[in-house]
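Worksheet: the structure to be examined is printed underneath.
The values are calculated or read from the model by the stated rules, or taken from the named source; none is laboratory data. This one's a predicted model, so the numbers in the text were calculated from it and none came from an experiment. Ideal geometry is used to build each Cβ from the backbone, glycine not excepted, and the neighbour counts take in all protein chains shown.
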Amino acid sequence: MPSFWWRPLGLVLGLAVLSALLSTGSEPGTGWALFAGGLGLYLLYHLRQLRKLSDWLASDQQAPPSADGLWGDVLYRLAKLLRARQGAQQKVTADLEQMLEATRNLPDGVVILGEDNRIDWLNQAAESLLGISPARDLGQFVHYLMRQARFSAWLSAEDYGQTLSMTSPTAPGKTLSLQLVPLPRQQKMLLVRDITEIARVEAMRRDFVADVSHELRTPVTVIVGFLEAFEDMPEPDPAQFRKHIPLMREQSDRIRRLVDDLLTLARLESEPDTRDESVDVPALARRLAEEARTMSQGRQQIELREDSTARLIGNSQELYGALANLVSNAVRYTPAGGRIELRWADAEHGGAVFSVKDTGEGIEPQHIPRLTERFYRVDRGRSRATGGTGLGLAIVKHVLQRHQARLRIDSTVGKGSTFAAVFPAERVIPAAAPDAGAAAPHTAT
Ligand SMILES: Nc1ncnc2c1ncn2[C@@H]1O[C@H](COP(=O)(O)OP(=O)(O)OP(=O)(O)O)[C@@H](O)[C@H]1O
Ligand SMILES: [Mg+2]
């Protein structure tokens, strides 16, 4: 036990001994009066210290009043305790404020619902996704504000494992996913996520499966039809069979092309990066022009303009596939007597552009933004008749994206189209620069 506990006790005892000594010598009352007076003074001192303590506790002052001995120690310990408490409280308040700030700025909407589904609190995302205003709607029943029968039924079911998808009350084009999370004290948290993009991708996936099935159905039906007809023949007629072979081959080629294109797309999507090499684009352009001439068989005039000798950093296989599609489109969609020009040229800011210009039928403006969608064709019948799968430009777009390049389409109905692959400077090896991959000069060491 610290020594200061003995000090007041010693003081009182000393006073008592002094009073007793005085009592024996003189009047007995004098000693006791002295004792009582001493005790009274002592009590007064403590009462003053107590008052100081009470005043300090009532004030905002941090530092305790000065005192010695027992009171000094009590005040010091109390001040320390209060400081520790204050520190802990400040930390809790700061943590809480940080949590609230984070929740306030979450990209997902958060609404805290109290008893009877009244709105207690909501963050900014909930405000914009649900159209609820904190200034106006706090304390309101949430189902009064969101007047959708499905929402009310879902809310009252309180099935915490069941999410609800609904259109946003503020933006009809947005799809929201809602989830309820139970909280203590009869509160609930309503989580709101914008799943427009996920819903769009899901719809695209469904459409894609439907499109693939549709594309496959016709050639498969044709082939199966022939096979069944032959099967039903009592005496198979080889001449008849042979007569139909070209059509069956054409249809099976179509299936093969479709499967090849689908596999190419799947591979492009699953491999995020290209295997880069140095691509000799002028040589590639010459090969493409030659192939275009073979494909055209003199129906169109094919020209090649090599305005640049630059090479590209990229995947030659992928680039060949993509640019060959632009060339074959030009040949297929340009009537006889037309002119097709392949051009490799420098572009602004150190970039380069490979363009295919034709004098074909052209494309109406409303179709242009959709041309790179899978299976999108301006004229389905026309494209199928020329052997198109409708996946060509979708593959082109993917390949160009992997090379940080973009596809530029300019077209005028009746005059022709230009499809241009525009490569950024980072992908271009200018003609003057030594080719790192192939032609590094050898020096004797
Ligand atoms: N040079 C062009 N002139 C006019 N229309 C074009 C031209 N290139 C493409 N199109 C239109 O864009 C559509 C999509 O082209 P895309 O290359 O994706 O498919 P496709 O040529 O029909 O088939 P695929 O290339 O898979 O064999 C074509 O069906 C056609 O309608
Ligand atoms: Mg094509």
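Brief remarks on what is shown
- Residue in region 376-421 that is surrounded by the most Cβ atoms within 10 Å (Cβ to Cβ), counting only those that are among the polar types (S, T, N, Q) and more than 6 Å from ligand 1 (Cβ to nearest atom): 411
- The lone exception for residue 321 - which of (1) surrounded by 19 or more Cβ atoms within 10 Å (Cβ to Cβ); (2) under 23 Å from residue 278 (Cβ atoms); (3) within 12 Å of ligand 1 (Cβ to nearest atom) it fails: (1)
- Only one entry of 148, 124 meets the criterion of being modelled with pLDDT under 85 and either under 15 Å from residue 189 (Cβ atoms) or under 30 Å from the mean Cα position of the chain (by Cα) (or both), and that entry is 148.
- Scanning region 42-64 for residues that are exposed (fewer than 11 other Cβ atoms within 10 Å of the Cβ) and outside any loop (DSSP other than H, G, I, E, B) yields a total of 5.
- Within region 325-347, the set of residues being within 10 Å of ligand 2 (Cβ to nearest atom) and either within 23 Å of residue 431 (Cα to Cα) or in a loop (DSSP other than H, G, I, E, B) (or both) comprises just one member, 333.
- Filtered residues of region 275-311 (kept if among the basic types (Lys, Arg) and assigned to a helix (DSSP H, G or I)): 286, 287, 293
- Condition check for residue 397: within 14 Å of ligand 2 (Cβ to nearest atom), within 25 Å of residue 427 (Cα to Cα) and touching a strand residue (DSSP E or B) at 6+ places or on another chain (Cβ under 7 Å): yes
- Members of region 348-362 found to be within 13 Å of ligand 2 (Cβ to nearest atom) and at pLDDT 95 or above, listed by number: 356, 358
- Residue 194 passes every criterion in (1) closer than 30 Å to residue 172 by Cα; (2) free of Cβ contacts under 8 Å to residues at least 12 places away in the same chain apart from (2).
- Scanning region 297-314 for residues that are of a type outside the set (Lys, Arg) and surrounded by fewer than 20 Cβ atoms within 10 Å (Cβ to Cβ) yields 297, 298, 301, 303, 304, 306, 307, 309, 313.
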